[in-house]
1. Using beta carbons and a limit of 7 Å, which pairs, at least six apart or on different chains, have the first residue in segment 86-103 and within 17 Å of Leu21 (Cβ to Cβ) and hydrophobic (A, V, I, L, M, F, W, C) and the second one modelled with pLDDT of 95 or more and in a loop (DSSP other than H, G, I, E, B)?
2. So which pairs qualify, if the first residue must be in segment 223-249 and under 15 Å from Glu133 (Cβ atoms) and free of Cβ contacts under 8 Å to residues at least 60 places away in the same chain, the second must be open to solvent by less than 40 Å² (accessible area, probe 1.4 Å) and not small (Gly, Ala, Ser), the Cβ gap must be under 6 Å, and the two must be at least 6 apart or on different chains?
3. Kindly state which helices (runs of 4 or more DSSP H) lie completely within segment 189-294 and contain at least 3 residues that are farther than 19 Å from Glu341 by Cα and aliphatic (A, V, I, L, M).
4. So which residues in segment 121-159 are among the small types (Gly, Ala, Ser) and surrounded by fewer than 17 Cβ atoms within 10 Å (Cβ to Cβ), if there are any at all?
5. For Phe57, indicate whether it is in contact with a strand residue (DSSP E or B) (Cβ under 7 Å, 6 or more places away or on another chain), open to solvent by less than 50 Å² (accessible area, probe 1.4 Å), more than 15 Å from Tyr115 (Cβ to Cβ) and not in a helix (DSSP H, G or I).
6. Could you pull out the residue among Thr299, Thr275, Thr310 that is within 24 Å of Glu69 (Cβ to Cβ) and more than 18 Å from the chain's Cα centre (by Cα)?
7. So which residues in segment 291-309 are among the hydrophobic types (A, V, I, L, M, F, W, C) and open to solvent by less than 10 Å² (accessible area, probe 1.4 Å), if there are any at all?
8. Looking at this structure, is Asp216 surrounded by fewer than 16 Cβ atoms within 10 Å (Cβ to Cβ), among the charged types (D, E, K, R), on the phi < 0 side of the Ramachandran plot and touching a residue at least 40 places away in the same chain (Cβ under 8 Å)?
Amino acid sequence: MNSLEVNFRVEDHVLAKTLDLAYGIQVESIHFIPMGDSAYSYGVNCSNGDRFYLKLFDHHNDRQRMSMERLSHYLPLTWEMFHQRLFQNITYPIKNRSGDFSTTCNAFTVVLFNYIHGESLADAYPFSNEILESIAKSVAALHRITPNIDKSLVRTESFDISFECDLEKCISLLESTVTFDNLSKQSLREHVLPKKEQIYVLLNFVRKLRLAAISDNHEYVLCHGDMWGGNLIRHDNVLFVIDWESALIAPLEFDLIGYIGEEFDVFFSAYEQHTGKSVALDLDLLRFYAYRHHLRNLTNWLLNILYRNTENAQNENDLEMILYHCMNRWDQIEPMLKEVEANLRKRSGGCLSSIIDDK
């Protein structure tokens, strides 16, 4: 699981006082939760029994500053979705005493969310058919509310690949004669440089897929954008969706990319059933989202190890993510997409176009 292993350097009592002043809650205890890397996560227990989930954004971390830029979009969106009863099994922000969704201090910004009881599905892979069908039902329900949301609250898909410059910068540093002073950076060089040619082939392919995506017409829906098990909580057989930072008005393929491969038939059948119609998919959009996902994650972890991290524990975690949750998965993408293609051909009996042969 991608996670921040090291807590932000702020005393619990300072954080508790900040929350008391901003939200009027009496904090009894705060515990750090090592999950995600776009912000530091905490569980907050109050003296009256209330519980909250807290995100803390470090102003000195460029990755977290980028995440802060998205707050103005997904916080009002999730507030509206919950309070207008459009989609209620979600995390939504708690307003502070000033009526704002976030609270900024000198070195950090915090956002307080409702706490969802239950079990994360992060470690529930491979998903059972029951879980797959439940997720597909939630995705379909989310897509169906698109006409009812305020589109001004949500970013629209631009097929962004702005990470490409940072990726090239990191590869150049690894190629340089710079002597690294720790084992994680040395190991990074040893494992990533042999993949350099493949990285650049995939990056150029993503650029080509992006041009095709921009030029084509697609149906755009409200997408969560990161519907993996770590952002899903199950309680009494009810599914809750958390962490809406990646929410976009985008082609529906954006929310389906995590379910290609062997599980696709079960997932997509349930999705179509709950959508109430037959759905056409663009294989090259799935391809774009799959490769972009891995290259963007690779870039983020490279930046962490080479420039951001100050603790060896975090370096070790990020290196593990690169080796066992990123580079080892690239060669699985095309076989999984071929399974999707075979499934779609069987359903439609038609022809499917793709630019894969030009890769």
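The values are calculated or read from the model by the stated rules, or taken from the named source; none is laboratory data. No experiment lies behind these values; they were computed from the predicted model shown. FYI the Cβ positions are ideal-geometry reconstructions off the backbone, even for glycines, and counts take in every protein chain you see. Side chains are part of the model used for accessible areas, which takes the heavy atoms of the whole protein and leaves out ligands, DNA and RNA. Shrake-Rupley method; radii C 1.70, N 1.55, O 1.52, S 1.80 Å.
1. Within 7 Å, the pairs are Phe101/Lys95.
2. Hits for this filter: zero, empty list.
3. Values: elements: 196-215, 253-256, 264-275.
Qualifying helices (runs of 4 or more DSSP H): 196-215.
4. Of all residues in segment 121-159, those among the small types (Gly, Ala, Ser) come to 122, 124, 128, 134, 136, 138, 140-141, 152, 158.
Within segment 121-159, Ala122, Ala124, Ser128, Ala141, Ser152, Ser158 qualify.
5. Details: in contact with a strand residue (DSSP E or B) (Cβ under 7 Å, 6 or more places away or on another chain): yes; open to solvent by less than 50 Å² (accessible area, probe 1.4 Å): yes; more than 15 Å from Tyr115 (Cβ to Cβ): yes; not in a helix (DSSP H, G or I): yes.
Answer is yes for this residue.
6. On the way: Thr299 fails: more than 18 Å from the chain's Cα centre (by Cα); Thr275 fails: within 24 Å of Glu69 (Cβ to Cβ).
Only one candidate passes the filter, namely Thr310.
7. Looking only at segment 291-309, we keep the residues that are among the hydrophobic types (A, V, I, L, M, F, W, C), and these are 295, 298, 301-303, 305-306.
Leu295, Leu298, Trp301, Leu302, Ile305 - these are the residues of segment 291-309 that are among the hydrophobic types (A, V, I, L, M, F, W, C) and open to solvent by less than 10 Å² (accessible area, probe 1.4 Å).
8. Working: surrounded by fewer than 16 Cβ atoms within 10 Å (Cβ to Cβ): yes; among the charged types (D, E, K, R): yes; on the phi < 0 side of the Ramachandran plot: yes; touching a residue at least 40 places away in the same chain (Cβ under 8 Å): yes.
Taking the combined requirement at face value, the residue satisfies it.
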